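Below: one structure, written as structure tokens.
The values are calculated or read from the model by the stated rules, or taken from the named source; none is laboratory data. Every value quoted in this text rests on a predicted model; they were computed, and no experiment measured them. Virtual Cβ from ideal backbone geometry, glycine too; neighbours counted across all protein chains shown. Just the protein is used for accessible areas: all its heavy atoms, side chains included, with ligands, DNA and RNA removed. Shrake-Rupley method; radii C 1.70, N 1.55, O 1.52, S 1.80 Å.
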Amino acid sequence: MLRTRLLWFGFGFTATGAAISQLVWRDLWVDRYALSAEMKEKFDALEARISNLESVPLSDSKPPQVEG
């Protein structure tokens, strides 16, 4: 009887530990994916801004006026 209780306790403890570790792993994975997606979005926006700046012809750009 003691062995059966010990077996069921071990099984329950293992199952609970596995469920908790799965939840923690999923939470960490979601955070990592969200950070990766956010960085990709920001770099894409930066690349678009740089592309827009590079596409402006130099003849259209005027030097800044200095008042003095």
Residue under evaluation Leu7, criteria (1) of a type in the set (A, V, I, L, M); (2) modelled with pLDDT under 95; (3) surrounded by 10 or more Cβ atoms within 10 Å (Cβ to Cβ), criterion not met: (2)
Could you list, in sequence order, the residues of the range 17-45 that are over 17 Å from the mean Cα position of the chain (by Cα) and open to solvent by less than 80 Å² (accessible area, probe 1.4 Å)? Gly17, Ala18, Ala19, Ser21
